[in-house]
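> Below are the C-alpha cells for one structure; questions will follow.
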Amino acid sequence: MAQPRVYRTEAIVLRQRPLAEADKVCVLFTPLHGRIEAVAKGVRRSRSRLAGHVEPLTRSRFLIARTRSLDIITQAETVDAFPALHAELDRLGLALCAAELVDRFTDTAADVGALYRLLLDTLRRLESAPAPALALRWFELRLLDDQGYRPQLGRCVRCDDAPPPEGAAFAVGAGGVVCPDCRTGIDGRPLSPRAFKLVRFMQSAPYDQSAQVRVDAALGREIEGHLRAAIEFALDQEVRAARFVELVRSTAPRDRMTAAPGDRPAREGG
C-alpha cells in the first residue's frame with residue numbers, strides 16, 4: 001500500500017543546517033517515525049512564518065509532504081518552545097547535549113517512543129531543576145542503558161566480585177567497574193568512593209529520588225567525566241555540545257551542578 005503523500009507528526013527539533021540560499025534542513029525526532037530530516041523552505045528569510053516553529057529545542061506539530069528526496073515541512077505549530085532553556089546558557093548547553101546524544105544514537109534505538117518521552121521529560125527537567133546537570137547525568141545513564149551500553153557497576157567486569165568503594169576504577173572499554181585487584185593492565189579512570197556510590201544509586205533510582213541528592217562541584221565534574229567517557233566510547237566520537245557547556249562553565253563561576261540547600265546528601269550503597 002502506498003504511503004500518503006503528507007503526514008502529521010509531533011517532533012522535537014534536534015538541529016538544523018543551511019540549504020541553498022533561504023532554506024534549512026531540520027533534523028526532527030518523532031515518537032513514531034524516529035529521526036527524520038525535512039526541509040523548511042524560506043526560513044532564512046525574515047518574514048518566514050515557519051522559522052519560529054523549527055528552531056532547535058522546539059517541540060512542534062508538523063504537516064510534512066513526502067518527496068523523492070528530502071521531505072518538506074508545509075505547516076508547523078509550536079507546542080513548547082522551552083523558553084527557560086534559552087534564558088540561561090548553562091541550561092541551554094545541557095539541553096543541546098541531550099539533543100545531540102539522541103541525534104547520534106537514534107538509528108540504534110530499540111523503542112523510539114520511549115526515547116522520545118525520555119528526551120521530552122529531560123528538556124522539561126532541564127528547564128526547572130535546581131541542579132540541571134544532575135538531570136542530564138540521569139538522562140545519560142538511561143540512554144546508555146537503552147542503547148545496550150549499561151555500565152556494569154555491581155560486579156567487577158573482570159573477576160565478577162563485588163568491588164569495594166575504595167580503589168575501584170571505571171573502565172569504559174571493559175564495560176564498567178574493575179576492583180583494585182583487577183586494575184593492573186586495564187585502562188581505567190580512577191573512581192572515587194563518592195562517585196562510585198552515587199552512579200550506582202542513580203543507575204537504578206527513579207529521577208525524583210536522584211534529583212534529591214546533593215552533589216558538590218567536584219563530585220559533579222567527576223561523574224560528568226566518567227559518563228562522557230562512556231558515551232564517547234560508545235559513539236567513537238566526541239560530544240560536540242560538551243564544548244559549549246565547558247565554555248559557559250569557564251565564564252560562569254557558579255556551578256549549576258550544586259543542588260539547592262537542604263537536599264539530602266548522596267546515600268551509600270545502591
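> List, please: which pairs have Cβ atoms under 7 Å, are six or more places apart or on different chains, and start with a residue in the range 123-143 that is acidic (D, E) and end with one that is in a helix (DSSP H, G or I)?
As it stands, the answer is E127/A84; E127/L85; E127/R91; E140/L227; E140/I231, since those pairs meet every condition given.
> Give me a count of the residues in the range 174-200 that are in a helix (DSSP H, G or I) and over 19 Å from the mean Cα position of the chain (by Cα).
8
> Confirm whether F139 is assigned by TED's automatic domain parsing to the domain that holds L219 and either within 21 Å of S204 (Cα to Cα) or at pLDDT 95 or above (or both).
Yes: the conditions hold for F139.
> I'm trying to understand the selection: among the residues of the range 175-214, which are surrounded by fewer than 14 Cβ atoms within 10 Å (Cβ to Cβ), of a type in the set (G, A, S) and farther than 16 Å from E140 by Cβ?
Across the range 175-214, the qualifying residue is only G185.
> Given the structure, is V27 β-branched (V, I, T), touching a residue at least 60 places away in the same chain (Cβ under 8 Å) and crowded, with 19+ Cβ neighbours inside 10 Å?
In short, yes.
> Considering the range 140-173 alone, what residues qualify as being under 18 Å from L219 (Cβ atoms), part of a loop (DSSP other than H, G, I, E, B) and charged (D, E, K, R)?
Across the range 140-173, the qualifying residue is only E166.
> Collect the residues in the range 78-114 that are within 16 Å of the chain's Cα centre (by Cα), touching a residue at least 40 places away in the same chain (Cβ under 8 Å) and under 21 Å from R61 (Cα atoms), keeping them in residue-number order.
Scanning the range 78-114 gives F82, L85, L96, A98, A99, E100, V102, D103, T106, V112, G113.
The values are calculated or read from the model by the stated rules, or taken from the named source; none is laboratory data. Only a predicted model underlies this, so the values are computations on that prediction, with no experimental measurement involved. Note that we place each Cβ from the backbone using ideal geometry, even for glycine, and neighbour counts take in every protein chain shown.
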